[in-house]
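Take a look at the structure set out below.
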Amino acid sequence: MPTDRAATTALPTALRRIVGDAHVLTDPATTESYRTDWTGRWRSPESTVVVRPADTAQTAAVVAACADARVPVTPQGGNTGLVGGAQPSVSGPSVILSTRRMAGIGAVDTADRCIPVGAGAVLADVRAAARKAGLTVGVDLAARDSATIGGMVATNAGGVHVIRYGSMRAQVLGIEAVTAAGHVFRRWRPLRKDNVGYDLPGLLAGSEGTLAVITAVLVRLVVPARRTAVAVVGVNHVADAQRVVAAVEASGAPVHAAELMTATGLGLVGRAGARNPLRRDVPYAVLVECAGTPDLLAEVLDEQDRVLDAAVEPGPAHRLWAVRERHTEVIAEVSQTPVVKLDVTVPSAAMSDLVAGVERLAADLPDSPRPATPVLFGHVGDGNLHVNIVDVPRGRQDEIVDAVLRLVDALGGSISAEHGVGRAKRAWIELGRDAVDLAMMRAVKGALDPDGLFNPGAVLA
Ligand code: FAD
Ligand code: 2HG
Ligand code: ZN
């Protein structure tokens with residue numbers, strides 16, 4: 001969207017009138033944390049203005065003011081996204097609309113099992129509120145102390161319990177959002193069934209700030225299992241990890257999580273203080289959480305001849321979970337170059353080929369400054385693997401991303417399982433989405449945001 005210079009100079013003044021002086025940030029030192037993403041790889045220009053509306057009405061007024069000034073708006077929640085989606089990259093003036101002040105959490109509706117929250121409410125706080133009513137949110141992830149519900153809906157976040165409860169889209173019972181025209185769109189009924197026309201809330205889920213600013217969500221809640229058991233199980237092969245998960249499922253115990261780790265990842269997090277609970281070194285480990293008792297889970301594992309070793313505990317088993325959850329943070333700390341971070345799914349039968357293929361590709365890279373090392377982990381029960389490669393030489397990063405994503409496509413997978421496309425994967429969107437599909441997506445974008453106000457440069461070029 002072309003910008004009118006006179007209007008953009010006046011924009012901060014107009015925004016201050018809407019949200020108050022304290023909530024329009026222009027000083028680059030103050031805006032730094034909003035302008036840099038979690039990985040440190042994506043940075044917005046210093047000229048980016050941050051505006052922090054308090055509620056939906058202010059958000060609508062901010063969007064209208066930005067539209068008048070022809071200045072693009074990038075919504076931002078907790079800024080924990082891993083694909084650069086919350087960092088405007090446009091060279092001209094642009095605005096980050098932070099939702100963090102819209103963090104209100106309403107009363108739990110126990111009859112219809114849901115909770116109304118502002119888009120800026122942080123997942124951990126919403127989970128805590130639900131827990132007081134004996135309920136929980138079906139989605140959980142390691143960034144729970146910062147990730148916002150609005151950001152999680154906007155990315156259709158996955159996390160560790162997708163295998164049990166589905167991803168964030170499935171947790172949306174109602175939604176409120178500000179459109180590019182500055183209108184407030186609201187579907188807000190706690191209904192499990194509602195088939196009147198198109199699923200617009202479902203469309204906004206996963207739209208990554210390109211179609212509307214989500215201001216509030218009516219989040220579905222679920223009844224947590226009364227008892228859970230967690231095991232970290234050592235195996236020789238990826239296929240054996242999949243067999244272990246299938247065996248637990250076949251036992252009738254609902255599986256709540258199934259997370260793959262490798263010897264490399266276990267070694268890294270172990271050196272950072274999260275000790276491998278297994279008594280021997282193993283090539284792969286799978287963390288399985290299921291409803292039931294540790295005795296029942298141990299019984300199932302005892303019957304599996306592929307199991308090399310296992311540590312079983314009653315849930316929540318924080319010690320076992322820490323080994324899995326610390327991967328992202330530890331990987332970021334150890335790499336001497338920006339981590340190549342991909343998030344892909346393949347059909348279950350292709351998972352072993354994916355792992356072997358990534359290891360081959362990394363081995364072909366030059367050992368500079370150190371050998372490039374793949375650290376693979378993730379939600380194996382959903383076919384979702386997080387491909388992280390540390391110490392990839394700076395000049396070879398795009399090449400390895402391209403090779404891995406083409407491998408994923410060739411294996412019939414998806415180049416974005418749960419983190420989204422953002423800016424990081426925009427150049428590869430044609431892999432896995434054909435011309436008709438892309439044309440329909442562009443038509444949706446054109447209809448809902450004809451002037452390209454929201455998050456230009458993310459998702460679609
Ligand atoms: P942000 O990073 O602020 O924004 C993400 C995207 O959503 C951007 O495109 C932004 O424009 C848009 N957006 C944000 N808020 C709104 C809004 N209100 N309206 C419209 N658009 C909006 N992700 C997973 O899926 N599964 C995981 O298991 C997982 N684990 C993680 C663990 C760690 C340690 C970290 C750092 C990240 C992890 N993530 C995971 C990624 C991240 O936490 C999720 O993508 C999360 O949903 C982002 O929420 P956020 O509030 O931080 O959004
Ligand atoms: C997880 O499952 C997140 O922990 C982050 O999706 C994955 O760091 C990553 O690549
Ligand atoms: Zn994940």
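The values are calculated or read from the model by the stated rules, or taken from the named source; none is laboratory data. What you see is a predicted model; the values in this text were computed from it and never measured. Cβ: placed from backbone, ideal geometry, glycine included. Neighbour counts: every protein chain shown. All accessible areas refer to the heavy atoms of the entire protein, side chains included, with ligands and DNA or RNA removed. Shrake-Rupley method; radii C 1.70, N 1.55, O 1.52, S 1.80 Å.
Here are a few things to note about the model shown:
- Mean shadow area of the chain over all directions, Cα convex hull, nm²: 21.8 nm²
- Under 5 Å, built H, 5+ apart or other chain: amide partners of A216: A119, E176
- Mean Cβ neighbour count within 10 Å, used as a protection proxy, ranking 296-306, 317-327, 145-155, 353-363 highest first: 145-155, 317-327, 353-363, 296-306
- Heavy-atom surface of region 235-349, accessible at 1.4 Å and reported per residue (Å²): 44 Å²
- Within the chain, helix-based [θ] at 222 nm, where runs of 4 or more DSSP H residues each add -39,500 (n - 2.57), nearest 500: -9500 deg cm²/dmol
- When only alpha carbons of region 279-364 are considered, Rg and Dmax amount to 16.2, 45 Å.
- Shape category assigned to region 312-427 from the gyration tensor of Cα positions, a/c cut at 1.5: oblate
- Within straight-line cross-link reach of K425, lysines at Cα separation under 25 Å, skipping those fewer than 8 residues along the same chain: K341, K445
- Taking the Kirkwood radius as Rh and the Cα radius of gyration as Rg, region 247-312 has a ratio of Rg/Rh equal to 0.98.
- As a ratio to 2.2 N^0.38 Å, the alpha-carbon radius of gyration for region 6-126 is 1.13.
- Using alpha-carbon coordinates, inclination of helix 435-448 to the longest axis of the chain, degrees: 40 degrees
- Accessible surface of the chain [probe 1.4 Å, protein heavy atoms]: carbon and sulfur percent: 51 percent
- Annotation for region 1-103: trypsin sites (Lys or Arg not before Pro) lying in DSSP loop with at most 11 further Cβ atoms inside 10 Å of their Cβ do not exist.
- Fraction of alpha-carbon pairs over 19 Å apart in region 146-259 - percent: 56 percent
- Rounded to 5, the percent of DSSP beta bridges in the chain classed as antiparallel: 85 percent
- E32 sits with roughly 80 Å² accessible to a 1.4 Å probe, with DNA, RNA and ligands left out of the calculation.
- Surrounding net charge for G452, when Lys and Arg each add one and Asp and Glu each subtract one, Cβ distance under 13 Å: +1
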